[in-house]
There are 2 protein chains.
Amino acid sequence: MHSSGDKADKQKSANMNKGLMSVLLVLVAISSSWGKPDKPQMKKEKRVPQTLSRGWGDELIWTQTYEEALFRSQTTQKPLMVIFHLEECPHSLALKNAFANNKEIQKLADEDFIILNLVFETTDKHLYPDGQYVPRIIFVDPSLTVRADITGRYANRMYAYEPSDMNLLLSNMQKAKKLLKTEL
Amino acid sequence: MHSSGDKADKQKSANMNKGLMSVLLVLVAISSSWGKPDKPQMKKEKRVPQTLSRGWGDELIWTQTYEEALFRSQTTQKPLMVIFHLEECPHSLALKNAFANNKEIQKLADEDFIILNLVFETTDKHLYPDGQYVPRIIFVDPSLTVRADITGRYANRMYAYEPSDMNLLLSNMQKAKKLLKTEL
């Protein structure tokens with residue numbers, strides 16, 4: 001059934017994953033929030049369930065993983081918006097606050113986008129066209145093409161937004177809604 | 001800055017992702033729950049935020065993605081338990097109910113495991129040693145080796161569990177806690 005003969009295969013998996021780890025470390029190194037789950041918890045203190053929204057819009061329907069998001073984008077023909085952030089990064093928190101409280105953005109995201117917010121990088125390098133920083137927002141067309149052309153206003157961090165950039169973000173969302181419709 | 005010269009690269013991404021799609025379709029084909037987010041929602045009906053636990057233990061600390069889970073497993077040296085399920089699959093629901101209400105399992109999962117529950121397949125084929133069915137539970141050692149040797153009691157679906165299998169699952173969790181500690 002499950003012979004141990006596939007040890008080499010498992011080793012390959014391990015090696016693959018070690019490559020993956022080094023990519024992941026880049027983002028995680030910035031964050032100081034990782035210790036959290038390991039701290040001894042007060043016994044019997046009721047924990048609040050973590051949400052997929054992580055505060056970016058509790059009433060929106062968030063996808064959990066990039067794979068799920070890609071699938072839903074393709075099947076619904078809605079563009080995907082991926083938000084990379086970290087829970088203890090002040091720039092991320094400021095952007096989240098502006099994003100969650102902007103009714104126009106929330107409505108547009110709800111109706112016309114597949115949305116995903118991640119505190120961890122994926123293995124798809126197309127999601128970091130100019131580096132793995134947070135916060136950053138990347139759009140993906142339902143044709144599964146990363147919209148590297150939809151950028152914010154910072155030349156050195158092209159996919160970063162600040163709270164004062166909400167109108168630019170809105171206009172970028174409108175841009176992303178115009179699908180590429182490349183012939184397949 | 002972001003010249004359109006990388007079209008070939010983007011195309012490569014699209015092709016890669018199309019390969020990914022076919023893998024994902026296998027699992028999704030079983031599920032009838034995908035229509036949900038597209039159904040017209042009653043306006044002004046307050047939505048409840050989705051949780052990462054998805055009902056498998058609201059007080060546990062769930063990771064969001066496989067990448068995050070692997071990283072945390074490696075850094076904490078705790079084994080990873082990945083639960084694949086679907087929200088509208090009666091077998092998944094029955095197992096979830098047994099899992100969430102078993103105090104011993106909840107305690108062990110909380111204290112000694114990195115935990116992840118997914119309604120979508122990942123791209124790591126080592127996570128489906130004998131197919132992409134639900135529910136199934138796969139353990140991964142902190143050395144990033146998938147523990148294909150830790151199985152349930154069904155020869156045709158080796159990583160499936162039923163509500164009556166909670167003692168077997170507990171003993172498998174104990175087994176997973178004995179780390180491989182392979183020399184690197």
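General observations
- Accessible surface, region A:51-183, averaged per residue in Å² (probe 1.4 Å): 37 Å²
- Distances from residue B:157 to itself in the other copies, using label points 7 Å out along the Cα-Cβ axis, amount to 4.6 nm in increasing order.
- In region B:51-183, the DSSP beta bridges split such that about 50 percent are antiparallel, to the nearest 5.
- Here each label is just a point 7 Å from Cα along the line to Cβ, and for residue A:94 and residue A:155 those points are 2.1 nm apart.
- Using a 7 Å projection from Cα along Cα-to-Cβ, the label point at residue A:125 is separated from the same position in the remaining copies by 2.2 nm, smallest value first.
- Label distances, nm, residue B:181 versus same residue in remaining copies, Cβ-directed 7 Å point: 6.3
- Shielding of A:66-73 by partner chains, average beta-carbon count, 10 Å: 6
- Across A:125/A:177; A:103/B:78; A:103/B:107; B:96/B:175, pairs whose alpha-carbon gap is larger than 30 Å: A:103/B:78; A:103/B:107
- Using the Cβ-Cβ distance between residue B:45 and residue A:179 with R0 set to 25 Å, the FRET efficiency from 1/(1 + (r/R0)^6) comes to roughly 0.30.
- Other residues within the sphere of radius under 11 Å centred on the Cβ of residue A:96, judged by their own Cβ, net out at 0 (K and R +1, D and E -1).
- Charge context of residue B:156, other residues only, Cβ under 13 angstrom, K/R +1, D/E -1: +2
- With every protein chain in place, region A:47-136: carbon and sulfur % of accessible area (1.4 Å): 52 percent
- Translational diffusion of region A:51-183 was estimated from the Stokes-Einstein equation, with Rh taken as the Kirkwood radius over Cα pairs; at 10 °C and 1.306 mPa s the coefficient is 109 µm²/s.
- At 1.002 mPa s and 20 °C, Stokes D of region B:115-184 from Kirkwood alpha-carbon radius, µm² per second: 166 µm²/s
- B versus A: buried accessible surface, summed, Å² (probe 1.4 Å, to nearest 100): 5900 Å²
- Take each residue of peptide A:146-156, count the partner chain Cβ atoms within 10 Å of its Cβ, and average: the result is 2.
The values are calculated or read from the model by the stated rules, or taken from the named source; none is laboratory data. What you are looking at is a predicted structure, and each value in this text was computed from that prediction instead of being measured. Note: ideal-geometry Cβ built from the backbone for every residue, glycine included; neighbour counts use all protein chains shown. When the accessible area is computed, the model is the full protein with side chains, heavy atoms only, and any ligands, DNA or RNA have been set aside. Shrake-Rupley method; radii C 1.70, N 1.55, O 1.52, S 1.80 Å.
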